[in-house]
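A short worksheet on the structure shown next.
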Amino acid sequence: MIDFGPPAELPASGRPADDVLGELEGMRSGDVDWRAGRSFGLVFHAGDEVEAVARAASVMYLEENGLNPLAFPSLGRMQQDVVDMASGMFHGRDDGRQAAGFMTSGGTESLLLAVEAARNRGRDERGVTEPEMVVARSAHAAFHKAGGYFGVKVNVVPVRDDWRVDVDAMASAVNDRTVLVVGSAPQYPQGVIDPIPEIASLAAERGINCHVDACMGGFVLPFMEDLGYDLPPWDFRVEGVTSISADVHKLGYAPKGASVLIHRDVTLRNHHVFMFDDWLGGFYASSGLAGSKPAGPMAAAWAVMNLIGRDGYRRLTATTIEATRRMIDGVRSTPGLTVLGEPQAQCVAISAAEGATVDVFAVMDELATKGWHLDRQKPPDSLHATVSAGTAPAVDDFVADLRAAVEKVGDRRTEDRSTDYAPIDPSS
Ligand SMILES: *Cc1c(COP(=O)(O)O)cnc(C)c1O
């Protein structure tokens with residue numbers, strides 16, 4: 001992968017501040033240029049003002065510790081506010097519902113805790129000792145991570161031709177040990193919304209959990225609804241949905257380290273909370289994986305959500321969805337290419353059209369030379385784009401470069417079939 005040179009050693013004596021910061025500045029020059037709107041993923045940018053406020057809030061809380069909300073009531077309050085705002089967005093407080101949740105460090109932690117909560121509920125309410133969950137092939141990799149971490153067997157069911165989970169297969173995979181069924185709104189790979197009402201009714205019939213992974217959609221779908229887009233039901237208005245995850249650090253436009261996990265009620269929420277008293281250090285409760293917890297991302301998420309507000313998110317969503325639809329049209333009108341399925345929000349999978357010989361991975365190599373960043377994913381071989389307000393202005397340039405890259409690549413294939421959503425070098 002990347003050769004970082006000889007291993008670093010702790011400097012024998014400390015280096016001057018200018019030197020240290022200067023080296024950091026220099027190191028960034030090889031990183032993806034998200035400011036130019038060329039990264040369809042990883043960084044989601046809503047403009048200079050949002051960035052400045054997020055930066056100021058993070059720096060204000062750089063040193064505080066979210067571990068103890070009694071020592072830092074301001075952090076307890078911020079967490080409550082962020083959770084309440086998100087609960088309202090997902091209709092968690094309509095019709096007497098009392099949704100409750102916590103902030104987490106990101107989508108993965110939200111999913112880990114959703115699985116842990118389901119496992120604990122199955123154990124405590126139904127005596128399930130060998131828990132299982134049922135997820136679609138399209139469900140995020142973090143569910144498999146959670147299965148490994150918490151000892152929950154993952155039963156994977158296929159998606160249909162439209163890339164939505166096959167609910168009949170899901171129903172057949174549910175058994176006495178099942179503690180959780182999962183749907184995504186939208187799923188990451190092709191950007192379609194799973195049939196949440198059908199999935200949730202499987203859960204409701206059995207008294208088990210149904211988690212909706214809205215890590216991508218949580219800060220988009222509510223505002224698409226405001227804008228009049230036609231969307232299937234996916235949030236707490238659907239009977240049987242027990243929890244929803246949404247990433248503030250994606251299309252909520254907060255900097256990394258902020259997501260929410262919201263449960264339908266406080267009893268469901270308490271299944272994921274850890275509490276312990278039987279050691280020499282005193283009462284220790286925590287709502288997530290971390291002990292000591294960075295406060296900067298909490299403050300930044302609070303500040304960004306308050307700064308943007310419902311009208312702001314509606315504008316950012318309009319920009320994002322219009323750009324996504326332009327990208328879809330641009331890809332589909334490029335000979336040799338298509339978009340998989342009918343993406344409903346901001347995620348798009350670009351692949352070879354049926355019968356076409358173009359290798360989208362070779363096309364990506366070409367696009368990378370122009371500074372574009374999209375993930376390679378499979379199966380099937382495709383390029384993943386998450387469009388956001390920051391990349392919207394670059395979409396027309398992207399489509400032009402994509403078209404040129406397809407022409408240049410012709411029938412050439414690249415040997416490298418690796419994919420790269422989250423790579424790691426196993427040799428270092
Ligand atoms: C991004 C994403 C996740 C994981 O979120 P992280 O913040 O990267 O940990 C989970 N599910 C979906 C659908 C996602 O898009």
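Do the conditions hold for N175, that is, is it open to solvent by 40 Å² or more (accessible area, probe 1.4 Å), more than 16 Å from the ligand (Cβ to nearest atom), modelled with pLDDT of 95 or more and assigned by TED's automatic domain parsing to the domain that holds G296? Against the criterion (open to solvent by 40 Å² or more (accessible area, probe 1.4 Å), more than 16 Å from the ligand (Cβ to nearest atom), modelled with pLDDT of 95 or more and assigned by TED's automatic domain parsing to the domain that holds G296), N175 qualifies. Got at least one residue in the stretch 142-151 being touching a Lys or Arg at 6+ places or on another chain (Cβ under 7 Å), within 13 Å of the ligand (Cβ to nearest atom) and either closer than 20 Å to S243 by Cα or not basic (K, R) (or both)? The answer is no, given that none of the residues of the stretch 142-151 is touching a Lys or Arg at 6+ places or on another chain (Cβ under 7 Å), within 13 Å of the ligand (Cβ to nearest atom) and either closer than 20 Å to S243 by Cα or not basic (K, R) (or both).
Among the residues making up the stretch 141-153, those that are open to solvent by 40 Å² or more (accessible area, probe 1.4 Å) and at negative phi are A141, H144, K145, G148, Y149, K153. Residues of the stretch 63-117 that are within 16 Å of the ligand (Cβ to nearest atom), in contact with a Phe, Trp or Tyr (Cβ under 8 Å, 6 or more places away or on another chain) and acidic (D, E): E116 alone. Selection of the stretch 383-398 for residues being without any contact (Cβ under 8 Å) to a residue 60 or more places away in the chain and under 16 Å from V339 (Cβ atoms) yields only L383.
Residue-wise test of (1) open to solvent by 50 Å² or more (accessible area, probe 1.4 Å); (2) more than 24 Å from T317 (Cβ to Cβ); (3) assigned to a loop (DSSP other than H, G, I, E, B); (4) away from the ligand (no atom under 16 Å from the Cβ).
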site	(1), (2), (3), (4)
R119	yes, yes, no, yes
T129	yes, yes, yes, yes
S138	no, no, yes, no
V182	no, yes, no, no
E198	yes, yes, no, yes
A204	yes, yes, no, yes
M216	no, no, yes, no
F219	no, no, yes, no
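Being more than 30 Å from Q190 (Cβ to Cβ) and touching a Ser or Thr at 6+ places or on another chain (Cβ under 6 Å) holds for only one residue in L67, L75, L21, L10, and it is L67. Screening V181 on (1) touching a helix residue (DSSP H, G or I) at 6+ places or on another chain (Cβ under 7 Å); (2) without any contact (Cβ under 8 Å) to a residue 24 or more places away in the chain shows it passes everything except condition (2). Being outside any loop (DSSP other than H, G, I, E, B) and free of Cβ contacts under 8 Å to residues at least 24 places away in the same chain, is that true of even one residue in the stretch 408-419? Within the stretch 408-419 (the criterion being outside any loop (DSSP other than H, G, I, E, B) and free of Cβ contacts under 8 Å to residues at least 24 places away in the same chain), the answer is no, since none of the residues qualifies. Screening the stretch 259-358 for strands (runs of 3 or more DSSP E) wholly inside it with 1 or more residues that are closer than 19 Å to V248 by Cα and open to solvent by less than 10 Å² (accessible area, probe 1.4 Å) returns the ranges 259-263, 347-352.
Restricting S351, S382, S333, S388 to those that are polar (S, T, N, Q), within 23 Å of the chain's Cα centre (by Cα) and more than 16 Å from the ligand (Cβ to nearest atom) reduces the list to S351. Among residues of the stretch 221-251 being assigned to a loop (DSSP other than H, G, I, E, B) and either free of Cβ contacts under 8 Å to residues at least 24 places away in the same chain or within 11 Å of the ligand (Cβ to nearest atom) (or both), the one that is most open to solvent (accessible area, probe 1.4 Å) is D230.
Is it the case that F398 is out of contact with any strand residue (DSSP E or B) (no Cβ under 7 Å at 6 or more places or on another chain), open to solvent by less than 10 Å² (accessible area, probe 1.4 Å) and at pLDDT 95 or above? Yes; evaluated as a whole, the condition is true for this residue.
The values are calculated or read from the model by the stated rules, or taken from the named source; none is laboratory data. This one's a predicted model, so the numbers in the text were calculated from it and none came from an experiment. Neighbour counts are summed over all protein chains in view; Cβ atoms, including those assigned to glycine, are modelled from backbone coordinates with ideal geometry. SASA here: full protein model, heavy atoms, side chains in, ligands and nucleic acids out. Shrake-Rupley method; radii C 1.70, N 1.55, O 1.52, S 1.80 Å.
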